[in-house]
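Enquirer: The structure is given below, and queries will be raised subsequently.
The values are calculated or read from the model by the stated rules, or taken from the named source; none is laboratory data. Everything numeric here is computed off the predicted structure, so don't read it as measured data. Cβ placement follows ideal geometry from the backbone for every residue including glycine, while neighbour counts extend to all protein chains displayed.
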Amino acid sequence: MKQRNVIVPSINEVPENFEQLIDDLGIEFDEGDMQQLSLYIDMLLETNKQFNLTAIKSAEEAWIRHILDSLSLIPILSKENVEHVVDVGSGGGLPGIPLAITMPEVTFTLVETTQKKAVFLSHVAKELGLENVTVISERAENLATKSGGFRDIADAVVARAVGPLNILLELTVPFAKVDGVVLTIKGERAPIEVEEARKALHVLKAEVTSSHRTTTGTILTIRKLEPTPNKYPRPAGEPKRLPIGKGQLR
């Protein structure tokens with residue numbers, strides 16, 4: 001193993017119930033996964049002192065709120081037999097980095113607009129030796145167009161804390177292959193967001209196929225049924241300014 005310039009932290013701040021919660025998800029870690037996840041938390045919290053990556057300040061809380069929350073997607077991703085996943089709005093690397101650590105057979109593209117966050121993600125991937133991770137610093141709206149190079153490429157698209165579902169759909173669905181899925185982790189407002197996104201689901205040729213409550217949130221599974229209409233995604237900023245279904249947009 002190559003030498004790293006950082007010290008691998010101890011993993012004694014793992015909550016006592018973390019192992020049981022992982023077992024409940026049916027997840028089995030490979031040797032070294034816990035150390036990699038612990039190192040990632042250390043890097044995330046240390047960099048967070050320089051610029052905002054997370055509101056969480058303690059490692060113990062990060063194991064549940066970030067790591068467990070991200071890994072709750074594994075059962076669905078495994079069932080879908082995914083080979084390539086796009087993480088839209090990756091931010092500090094959630095859920096993409098924990099998933100990439102624990103699913104080394106899957107390739108991950110982390111899409112993050114903010115340059116300094118993208119630099120952090122690239123640093124994490126390098127330090128952890130995650131050869132299955134590619135970081136792209138660009139707007140999702142630009143990448144998922146017909147000329148953007150990333151349209152219709154993903155078996156699954158994941159997103160966490162990116163925005164309301166009626167906005168998020170336009171930023172994620174175009175990345176997915178037909179019959180691929182978008183997985184997003186939502187809170188207690190998930191049913192309301194689904195209702196507010198019905199027009200967007202119809203326009204983007206997708207449907208919510210399941211809503212699954214976990215220890216940390218609600219996972220929505222959205223299936224892409226047909227090719228995304230060519231006009232979507234609209235230019236950068238438009239999905240947020242005028243979500244599908246609002247105003248006169250059809």
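Enquirer: Filter segment 68-91 down to the residues that are under 20 Å from Glu141 (Cα atoms), under 10 Å from the mean Cα position of the chain (by Cα) and not charged (D, E, K, R) and list them by number.
Expert: Val85, Val86, Val88, Gly89, Ser90, Gly91
Enquirer: Hey, another quick one. List pairs: first residue in segment 3-23 and part of a loop (DSSP other than H, G, I, E, B) and surrounded by 16 or more Cβ atoms within 10 Å (Cβ to Cβ), second residue of a type in the set (Ser, Thr, Tyr) and modelled with pLDDT of 55 or more anywhere in the structure, Cβ distance under 6 angstrom, at least six positions apart or on different chains.
Expert: Pro9/Ser38; Ile11/Ser38
Enquirer: Being in contact with a Lys or Arg (Cβ under 8 Å, 6 or more places away or on another chain) and over 26 Å from Gly180 (Cβ atoms) is the filter here, so list the residues in segment 31-79 that pass it.
Expert: Selection gives Leu45, Asn48, Phe51, Leu53, Ile56.
Enquirer: Also, I was wondering about something else. Of all the residues that make up segment 189-202, how many are surrounded by 17 or more Cβ atoms within 10 Å (Cβ to Cβ), aliphatic (A, V, I, L, M) and part of a helix (DSSP H, G or I)?
Expert: Number of matching residues: 4.
Enquirer: Further question on the same structure: May I ask you to verify whether Gly93 is outside any strand (DSSP E or B), free of Cβ contacts under 8 Å to residues at least 60 places away in the same chain and crowded, with 24+ Cβ neighbours inside 10 Å?
Expert: Working: outside any strand (DSSP E or B): yes; free of Cβ contacts under 8 Å to residues at least 60 places away in the same chain: yes; crowded, with 24+ Cβ neighbours inside 10 Å: yes.
Answer is yes for this residue.
Enquirer: In addition: Name the single residue, out of those in segment 28-47 being hydroxyl-bearing (Ser, Thr, Tyr) and surrounded by fewer than 22 Cβ atoms within 10 Å (Cβ to Cβ), that is nearest to Val85 (Cα to Cα).
Expert: Within segment 28-47, the subset hydroxyl-bearing (Ser, Thr, Tyr) is 38, 40, 47.
Retained after the next criterion (residues that are surrounded by fewer than 22 Cβ atoms within 10 Å (Cβ to Cβ)): 38, 47.
Values: Ser38: 23, Thr47: 25 Å.
Ranking the candidates gives Ser38 first.
Enquirer: Sticking with this structure for a sec: Assess whether Glu238 counts as being at pLDDT 95 or above, in contact with a Lys or Arg (Cβ under 9 Å, 6 or more places away or on another chain) and either crowded, with 20+ Cβ neighbours inside 10 Å or not polar (S, T, N, Q) (or both).
Expert: Against the criterion (at pLDDT 95 or above, in contact with a Lys or Arg (Cβ under 9 Å, 6 or more places away or on another chain) and either crowded, with 20+ Cβ neighbours inside 10 Å or not polar (S, T, N, Q) (or both)), Glu238 does not qualify.
Enquirer: Assuming Lys205 fulfils every condition listed in (1) crowded, with 23+ Cβ neighbours inside 10 Å; (2) touching a Ser or Thr at 6+ places or on another chain (Cβ under 7 Å) apart from one, which condition is it?
Expert: That leaves (1) as the condition not met.
Enquirer: Same structure again: Starting from residues that are out of contact with any helix residue (DSSP H, G or I) (no Cβ under 6 Å at 6 or more places or on another chain) and assigned to a loop (DSSP other than H, G, I, E, B), keep the ones in segment 218-231 and report whichever is surrounded by the most Cβ atoms within 10 Å (Cβ to Cβ).
Expert: Leu225
Enquirer: Looking only at residues in segment 147-187 that are among the charged types (D, E, K, R), surrounded by fewer than 17 Cβ atoms within 10 Å (Cβ to Cβ) and free of Cβ contacts under 8 Å to residues at least 60 places away in the same chain, which one is farthest from Thr107 (Cα to Cα)?
Expert: Restricting attention to segment 147-187, the residues satisfying the condition of being among the charged types (D, E, K, R) are 151-152, 155, 160, 170, 177, 179, 186.
Restricting the remaining residues to those that are surrounded by fewer than 17 Cβ atoms within 10 Å (Cβ to Cβ) gives 152, 177, 179.
Going one step further and asking which of them are free of Cβ contacts under 8 Å to residues at least 60 places away in the same chain, we end up with 177, 179.
On the way: Lys177: 15, Asp179: 18 Å.
The residue in question is Asp179.
Enquirer: Let me ask something additional. Which ones in segment 48-57 are surrounded by fewer than 17 Cβ atoms within 10 Å (Cβ to Cβ), touching a helix residue (DSSP H, G or I) at 6+ places or on another chain (Cβ under 8 Å) and either assigned to a helix (DSSP H, G or I) or among the polar types (S, T, N, Q) (or both)?
Expert: Across segment 48-57, there are no qualifying residues.
Enquirer: Taking the residues in segment 58-87 that are under 21 Å from Thr221 (Cα atoms) and among the small types (Gly, Ala, Ser) as candidates, determine which candidate is surrounded by the fewest Cβ atoms within 10 Å (Cβ to Cβ). Quick ask: steps written out before the conclusion?
Expert: Here is the first cut: in segment 58-87, the ones under 21 Å from Thr221 (Cα atoms) are 65-87.
Of the ones still in play, those that are also among the small types (Gly, Ala, Ser) are 70, 72, 78.
Working: Ser70: 25, Ser72: 23, Ser78: 13.
That would be Ser78.
Enquirer: Taking Ala190 as the residue in question, decide whether it is out of contact with any Cys (no Cβ under 7 Å at 6 or more places or on another chain), touching a residue at least 40 places away in the same chain (Cβ under 8 Å) and closer than 30 Å to Leu68 by Cα.
Expert: Considered against the rule, which asks whether it is out of contact with any Cys (no Cβ under 7 Å at 6 or more places or on another chain), touching a residue at least 40 places away in the same chain (Cβ under 8 Å) and closer than 30 Å to Leu68 by Cα, Ala190 comes out as no.
Enquirer: Anything in segment 24-66 that is in contact (Cβ under 8 Å) with a residue 40 or more places away in the chain, of a type in the set (A, V, I, L, M, F, W, C) and more than 17 Å from Phe120 (Cβ to Cβ)? List them, or say none.
Expert: Leu25, Ile27, Phe29, Ala59, Trp63, Ile64, listed by residue number.
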